[in-house]
Amino acid sequence: KLLMVIDCDAGIDDAQAIMIALSQPHVKILAITCVLGNISSTNQVCLNVLRILKVCGKLGKIPVHRGAEKYILPRHSAFDSTGVHGDDGLGDTPDPNAPDDSHIESKHGVNALIDLVRQHPGQLTLVALGPLTNLALAARLDSEFSKNIKELILMGGNTAGRGNITISAEFNFYADPEAAQIVLNDFDCPVYINGWELSIKSAIEWTWYKQYLETKTRKAEFLKIITRKRIHDYEFKLESFIFQSKDLFLNYGWNVPDAVAMMVAIDRRAILEMEQRHATVELNGTYSRGQMVVDWADHLPNRKISTIVTKIDMGILMAMMSKSIE
Ligand code: BDR
Ligand code: CA
């Protein structure tokens, strides 16, 4: 069994990633810890995860913990990704029968991470799909934390300076750059980085995705409901002249960054190309705060080496997505 803990800010693509993990018989998810990110309410992230678990018949079987409710440093203005994921983080199509917050564990998410890693030293695959606040706090509270993680697979950062939230930064790293830097500079476990350019390259072909959503199962119906608004916006942008970089957008297809990271966590054979480099995060910079910076030519001595995934097997990704809605 692959013992997994997921830290997320669910999130539409987080939902897809969690559904992939739930559908793999050899994956045992010990807990899901939640962090702010796509939406600024960590409680709502937990509710979203509970809703996903219920759709997949796993409500009550996997503990869900509320983690950090603020980033390490305060932000000067409201910051989230509701423009992509909706005000509730799951496309603004609430389910009146969704589970309420009485299903959320009382233990804080950061303590849950620390305890789980202590209970299973060297055995846990940690998959981080949101800002890295919970992981950084866990490492600050327990200096042995990262040493005892088997491997960390994360979605975040960018290799070629292409941002999605600023001109140069990817959302998860930009949300909490200090946390991302703590993880990349200090963590003592193998770290796999699945960044923004990788997910652009791995976008799902549009016609395939639309057919996929038409699959007649409860899980596919759920994905269709939570992606409805996003798809509508996407098609509107494709058709309208207000979208300036149309050529770029047309190449995107349906972007599933967190699902890409989850696939890498589950099947390492899915990595077709990678780089092993030290990567860190810019904390200052007028235009570049939150941008991942890769030491391509070993300028910095004795730094932690991460695996930066640069190409994946699309067949494996699509097969996992298909299985996740059966
Ligand atoms: C990341 O940001 C979030 O909007 C997605 O869920 C993904 O984790 C992509 O930059
Ligand atoms: Ca996410």
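Pick from the stretch 22-50 the residues that are touching a Leu at 6+ places or on another chain (Cβ under 9 Å) and among the small types (G, A, S): which of them is farthest from ligand 2 (Cβ to nearest atom)?
Once the filter is applied, the top-ranked residue is A31.
Show the residue pairs meeting these rules: Cβ distance below 7 Å; 6+ apart or different chains; first residue within the stretch 297-325 and within 15 Å of W254 (Cβ to Cβ); second residue assigned to a loop (DSSP other than H, G, I, E, B) and of a type outside the set (G, A, S).
Between residues of the stretch 297-325 that are within 15 Å of W254 (Cβ to Cβ) and residues that are assigned to a loop (DSSP other than H, G, I, E, B) and of a type outside the set (G, A, S), the close pairs are I325/T215; I325/T217.
Do we have any residue at all in the stretch 4-16 that's part of a loop (DSSP other than H, G, I, E, B), at pLDDT 95 or above, more than 15 Å from the chain's Cα centre (by Cα) and buried (at least 18 other Cβ atoms within 10 Å of the Cβ)?
Within the stretch 4-16, the subset part of a loop (DSSP other than H, G, I, E, B) is 9-11.
So of that shortlist, the ones also at pLDDT 95 or above come out as 9-11.
Retained after the next criterion (residues that are more than 15 Å from the chain's Cα centre (by Cα)): none.
Scanning the stretch 4-16 turns up no residue that is part of a loop (DSSP other than H, G, I, E, B), at pLDDT 95 or above, more than 15 Å from the chain's Cα centre (by Cα) and buried (at least 18 other Cβ atoms within 10 Å of the Cβ).
Kindly establish whether S245 is buried (at least 21 other Cβ atoms within 10 Å of the Cβ), of a type outside the set (A, V, I, L, M) and modelled with pLDDT under 95.
On the way: buried (at least 21 other Cβ atoms within 10 Å of the Cβ): no; of a type outside the set (A, V, I, L, M): yes; modelled with pLDDT under 95: yes.
No, not satisfied.
Report the residue count in the stretch 161-196 for those that are away from ligand 1 (no atom under 14 Å from the Cβ), among the aliphatic types (A, V, I, L, M) and closer than 15 Å to T307 by Cα.
3
Of the conditions (1) part of a strand (DSSP E or B); (2) farther than 23 Å from F222 by Cβ, A78 satisfies every one except a single condition; which number is it?
(1)
Yes or no: K54 free of Cβ contacts under 8 Å to residues at least 24 places away in the same chain, surrounded by fewer than 23 Cβ atoms within 10 Å (Cβ to Cβ) and not polar (S, T, N, Q)? Walk me through how you get there before you give the answer.
Values: free of Cβ contacts under 8 Å to residues at least 24 places away in the same chain: no; surrounded by fewer than 23 Cβ atoms within 10 Å (Cβ to Cβ): yes; not polar (S, T, N, Q): yes.
Here the answer is no, as K54 does not meet what is asked.
Being closer than 22 Å to I114 by Cα, of a type in the set (A, V, I, L, M) and within 16 Å of ligand 2 (Cβ to nearest atom) is the filter here, so list the residues in the stretch 138-174 that pass it.
L152, I153, L154, M155
Residues that are free of Cβ contacts under 8 Å to residues at least 24 places away in the same chain and within 22 Å of V260 (Cα to Cα): which helices (runs of 4 or more DSSP H) entirely in the stretch 99-213 hold 3 or more of them?
Filter on the stretch 99-213 gives 206-213.
Among L116, L73, which is the only one that is closer than 18 Å to L2 by Cα and of a type in the set (A, V, I, L, M, F, W, C)? Spell out the reasoning first.
Values: L73 fails: closer than 18 Å to L2 by Cα.
Only one candidate passes the filter, namely L116.
So for the stretch 51-58 (the condition being on the phi > 0 side of the Ramachandran plot, more than 15 Å from ligand 2 (Cβ to nearest atom) and not aliphatic (A, V, I, L, M)), does at least one residue qualify? Please lay out each step first, then the result.
We begin by selecting, within the stretch 51-58, every residue on the phi > 0 side of the Ramachandran plot; these are 57.
Adding the requirement that they be more than 15 Å from ligand 2 (Cβ to nearest atom) leaves 57.
Within this subset, residues satisfying the condition of being not aliphatic (A, V, I, L, M) are 57.
Yes: the stretch 51-58 contains one or more residues that are on the phi > 0 side of the Ramachandran plot, more than 15 Å from ligand 2 (Cβ to nearest atom) and not aliphatic (A, V, I, L, M).
Report yes if some residue within the stretch 74-91 is more than 25 Å from Y234 (Cβ to Cβ), touching a residue at least 24 places away in the same chain (Cβ under 8 Å) and surrounded by 14 or more Cβ atoms within 10 Å (Cβ to Cβ); otherwise report no. Reasoning before the result, please.
At the first step, the residues of the stretch 74-91 found to be more than 25 Å from Y234 (Cβ to Cβ) are 74-77.
Cutting the leftovers down to touching a residue at least 24 places away in the same chain (Cβ under 8 Å) gives us none.
The answer is no, given that none of the residues of the stretch 74-91 is more than 25 Å from Y234 (Cβ to Cβ), touching a residue at least 24 places away in the same chain (Cβ under 8 Å) and surrounded by 14 or more Cβ atoms within 10 Å (Cβ to Cβ).
Test each condition in (1) under 21 Å from V35 (Cβ atoms); (2) surrounded by 21 or more Cβ atoms within 10 Å (Cβ to Cβ) for L198 and report the one that comes out false.
The number of the failed condition is (1).
Among the residues of the stretch 43-60, are any more than 16 Å from A98 (Cβ to Cβ) and of a type outside the set (D, E)?
Of all residues in the stretch 43-60, those more than 16 Å from A98 (Cβ to Cβ) come to none.
Looking through the stretch 43-60, none of the residues is more than 16 Å from A98 (Cβ to Cβ) and of a type outside the set (D, E).
The values are calculated or read from the model by the stated rules, or taken from the named source; none is laboratory data. Worth saying up front: this structure is predicted, and the values here are computed from it rather than measured. All Cβ positions, even for glycine, are placed from backbone atoms using ideal geometry, and neighbour counts span all protein chains on display.
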